[in-house]
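Nothing in this text is a laboratory measurement; each read-out follows from the coordinates by a stated rule. Note that the coordinates shown come from a computational prediction; the quantities given were computed from them, not determined experimentally. Using ideal geometry, Cβ is built from the backbone for each residue, glycine included, and neighbour counts are taken over all protein chains shown.
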Amino acid sequence: MTRPRAAQRLVAVVRGHPRAPRAAMLAVAAALAAATLSGCATTPAASPDAPRSVSGQPLAPHAMHEECMPLAAGDRLDYRFTSSAPVGFNIHYRDQNAVVIPIAREAVTADSGIFQPALPQEYCLTWEAGGAGATLEYRFAVRRRGP
């Protein structure tokens, strides 16, 4: 199979071939520089306790989406979501080999609540799509217990 001429030039640039056109090498260098700099131009990471709001989160058929965070006894997790199609929803944590699910909902398109954990653990909000898939919109906020 013969490669198109543009692909041959790119392969020559990548392999450092001495006959690679200078313009192509400059273009690749510029593209790499732009990609590197754009990675540095992100906004600073938000506080882990900052409220999180997500709109348009796609869920493929039978796929899952999780958001996890550490919670201490006495903390409060305020959550709400809507879905374009019925989904399974739960809040869970792992205790050695077991998965403990204090909140579970089946085939819902919306839910909201306040979850107050009794044990310090890493808790996960989990959505699981049915056969049709779904699009999620959700918001949650961790409210730490006072001193």
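Key figures
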item: Residue-wise HN-Hα coupling along region 110-120, computed from phi with Karplus coefficients 6.51, -1.76, 1.60 (Hz; x: Gly, Pro); result: 6, 6, 7, x, 10, 10, 10, x, 8, 10, x
item: Where labels lie 7 Å past Cα in the beta-carbon direction, separation of ARG80 and VAL99 in nm; result: 2.8
item: Overall form of region 103-147 per C-alpha gyration tensor (a/c, 1.5; a/b vs b/c); result: prolate
item: In sequence order, calculated HN-Hα J values of region 128-135 (Karplus, 6.51, -1.76, 1.60; Hz; x Gly/Pro); result: 10, 6, x, x, 8, x, 6, 10
